[in-house]
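Below is one structure, written out as structure tokens; comments come after it.
The values are calculated or read from the model by the stated rules, or taken from the named source; none is laboratory data. Computed from a prediction, not measured in an experiment: that's the story for all the values here. Don't worry about glycine lacking a Cβ; one is built from the backbone with ideal geometry, like all the others, and counts go over all protein chains shown.
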Amino acid sequence: MAKEGAAEQPTSSRQPPSSTAAADGGPLYGQAEKDYHHLFNFTNNKAGMDKVDREKANQTIYEMSKNSSYFKNEQRKDDNRKEDIDRMKAHLEAYRNSQPEMRLKAEQSVRGVLQRLEKERESKRGSWWCHVDMDMFYCAVEIRDDPSLKDKPVAVGGPGMICTANYVARRYGVRAAMPGFIGKKLCADQGAELVFVGGNMQKYQAESMTVRRVLSEFDPHLKMGSLDEAFLNLTDYLKENDLDSHEGRVKVATEIREKITEATRGLTASAGIAPGRMMAKIASDFNKPNGQTIIEERDAAGFMDSLSVRKIPGVGKVGEHKLEALNIKTCRDILDNAVLITQACSDKSTQFLLRAAMGIDGEGRASERKSFSCERTFRATQDRKFLEEKLRDIAESLAEDLKSHFMRSRHITLKVKTADFKVKQLAMPLSRSTDEADDIDAGAQRAFSKYIDTHGDDTKAPPAIRLLGIKCANLTHVFGGTGPDGEEREAPKGTIDYFLQQQQKQKGGKGKASEVGDISIEIEDDEQMDQIDQMGDNADAPAGDDHPGNQLLLPDIIDLEEWEEDVDVNHPQPQPPSCSSSPCQPAPSSASLQPSLPLPLPQKRQLPQSSAAAQPKQPAPKRGKKGGKRNQDAATVCVSGPMDALLKRMADRKAAGGGGGGSSAAGGGGVDGECIELD
DNA sequence: GCGGATCAC
DNA sequence: AATGGTGATCCGC
């Protein structure tokens, strides 16, 4: 209620130059910030900086960004979202004015859905998940190995992009995913100098393996999300070790973190234990860094209720703003306004949001990889020859990638980003599956020609381009043939590819040996999929895969359950927020947090809160106090570092050297608009 | 099926 | 010296 007016703001969106005439006469900062700073991904809304510093940082960021093409594009996108919102609001208005019987029906339907979900939650009791998240992982490794960095603001990355920043830097407003030159300025303005450290993927991978080794003791089927985080199903471990109690969980979380710190010679981790994957993940972020949070079943609902919707993995900046336009800020709000959401969101989104708000995990099967992609940013140019060569390089890189994974692709998509940051994609089906650079290149070049043709007539030059990329999809496994150098294609032991290869050999063994040139397999049946799932834990298959983050070969032990429905969001309306305000989360009911280890965190206190259900007397183990709200004041800023790509690229370059090899593109013979023919 | 968007890391 | 790269999913055409 209320709030409605906010969306009415004129925003002057439509005319690009006039509103952005900000160049000189444009809006002054004070006003501008109100309108725009929500556009940044990294407005710090967490603790760590006091308000003054925060405003100062935001001003600096705004000043450095306001005239950039990047920022102007962000404004454009934001304006589009506002239009979406207006449409949505109109839709909702129509609903409000609809026949009472209709609304009654909708309400009953929602009630039914909520009841079903409640039942589902009930049925899933008793399973315990842990999420472990390394604190500022890359940065922590670098600082450990060079203690002189300890008290300086440090960022892993470069002037172009920051992957991870330490907590000293965060105090100046430096964030992961922030361009390095802005971070540098933020520090400089406050008399400090940001130290950049180039990353070393190999090292991080090694550390990650160390962490994994420690964790596998608690759950041999653990799933590494990325180098710096992992999900564990602790249900069995807790039972088998007689630790299935609050105290037990506290103990396990503490032990996990201590063992990690010991094994990594000083790196710290944060952990969350909860009756679900999603809640565990949220919990691990709750007391970062070097902290832990345990959520008991009886506290789960209360914990979720007070949580900001932004904490739900899958609700990002845009989703948050859309929900905010509906006046929905917390998970409790989601449930209270379930009918509204039903009307405003797609079925998928509605399901997702309601489930998430109740703390119910989505069904997540780690599916087979569906695409390979490669994209490069460079200085914007119209030089066609340069661009075509870039495309060739990318095609070669992808071909290598495909080959090393024993995959072929039958469909490519060209991606083009112009100097004004607008992105276009062009699909190009191929006539057959391929892993040859020539083929990929031919398809991409054809798509590129098409792009040029449609974006510049004879009189007007095509726009300058700052990024080119290719995505290969429609994948099939390939075994048995010969590789690029004529050697037999054999998948590395321990990989899914290896598994399938063995299977294929067995099958082939009964009749015709594996003499068949190329065999393509598509995995479709569930049984096979399950087998693949189960092999992930092969401890012997660390395999230094050249690919850092991915290669999901780790299974996911999920309780059965049929409900499909996956993860994803998509809601209706945003609003021109002036966000920033939310001082982190209130910690609801009795989520007990257990410090342990050095832990510089101040003890958090909680006031009794009207936590709905009577508070069963909870064993107050050591210190953890439960009760109600917690204020997160502390100087600690949470933000887990988004993993990078910059580093990946560095590593790739180092490892691969370079793809060279010119050779001309074998022509896309048959033309015919739709599918490019390959010989 | 395509192209645009959003999200996580 | 000018805001990254990879993979996935969803939605509206």
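Look at A:ILE143 and say whether it is more than 16 Å from DNA strand C (Cβ to nearest atom) and within 19 Å of A:MET201 (Cα to Cα).
yes
Tally the residues that are touching a residue at least 60 places away in the same chain (Cβ under 8 Å) and of a type outside the set (Gly, Ala, Ser), restricting the search to segment A:409-433. Spell out the reasoning first.
Applying the first criterion (touching a residue at least 60 places away in the same chain (Cβ under 8 Å)) to segment A:409-433 yields A:409-413, A:419-422, A:428-433.
Retained after the next criterion (residues that are of a type outside the set (Gly, Ala, Ser)): A:410-413, A:420-422, A:428-430, A:432.
The total comes to 11.
Name the single residue, out of those in segment A:377-428 being of a type in the set (Lys, Arg) and within 16 Å of DNA strand B (Cβ to nearest atom), that is farthest from A:ALA461 (Cα to Cα). Before the answer, list the steps.
Just the residues of segment A:377-428 that are of a type in the set (Lys, Arg), to begin with: A:379, A:384-385, A:390, A:392, A:403, A:408, A:410, A:415, A:417, A:422, A:424.
Narrowing further to those that are within 16 Å of DNA strand B (Cβ to nearest atom): A:410, A:415, A:417, A:422, A:424.
Values: A:ARG410: 32, A:LYS415: 19, A:LYS417: 16, A:LYS422: 17, A:LYS424: 17 Å.
Result: A:ARG410.
Pairs only if they're at least six apart or on different chains, beta carbon under 8 angstrom, first in segment A:355-376 and on the phi > 0 side of the Ramachandran plot, second surrounded by 14 or more Cβ atoms within 10 Å (Cβ to Cβ) and in a loop (DSSP other than H, G, I, E, B); list them, first residue then second.
Sorted first by the residue in segment A:355-376, then by its partner, the pairs are A:GLY359/A:PRO275; A:GLY359/A:GLY276.
If you scan segment A:394-413, which residues turn out to be surrounded by fewer than 24 Cβ atoms within 10 Å (Cβ to Cβ), within 30 Å of A:ASN73 (Cβ to Cβ) and not acidic (Asp, Glu)?
Within segment A:394-413, A:SER397, A:HIS411, A:THR413 meet the criteria.
Would a scan of segment A:96-111 turn up a residue that is charged (D, E, K, R) and within 13 Å of DNA strand C (Cβ to nearest atom)?
No: segment A:96-111 contains no residue that is charged (D, E, K, R) and within 13 Å of DNA strand C (Cβ to nearest atom).
Does segment A:250-289 hold any residues that are over 21 Å from A:ALA140 (Cα atoms) and free of Cβ contacts under 8 Å to residues at least 12 places away in the same chain, and which are they?
If the condition is that a residue be over 21 Å from A:ALA140 (Cα atoms) and free of Cβ contacts under 8 Å to residues at least 12 places away in the same chain, then A:LYS251 is the only one that fits.
Return the residues of segment A:48-64 that are out of contact with any His (no Cβ under 8 Å at 6 or more places or on another chain) and modelled with pLDDT of 80 or more; say none if nothing qualifies.
If the condition is that a residue be out of contact with any His (no Cβ under 8 Å at 6 or more places or on another chain) and modelled with pLDDT of 80 or more, then A:ASP53, A:ARG54, A:GLU55, A:LYS56, A:ALA57, A:GLN59, A:THR60, A:GLU63, A:MET64 are the ones that fit.
Kindly indicate which of A:ILE328, A:ILE341, A:ILE334 is part of a loop (DSSP other than H, G, I, E, B), farther than 25 Å from A:ASP244 by Cα and in contact (Cβ under 8 Å) with a residue 12 or more places away in the chain.
When all the criteria are applied, what remains is A:ILE328.
Tally time: how many residues in segment A:371-392 are assigned to a loop (DSSP other than H, G, I, E, B) and farther than 21 Å from A:ALA437 by Cβ?
2
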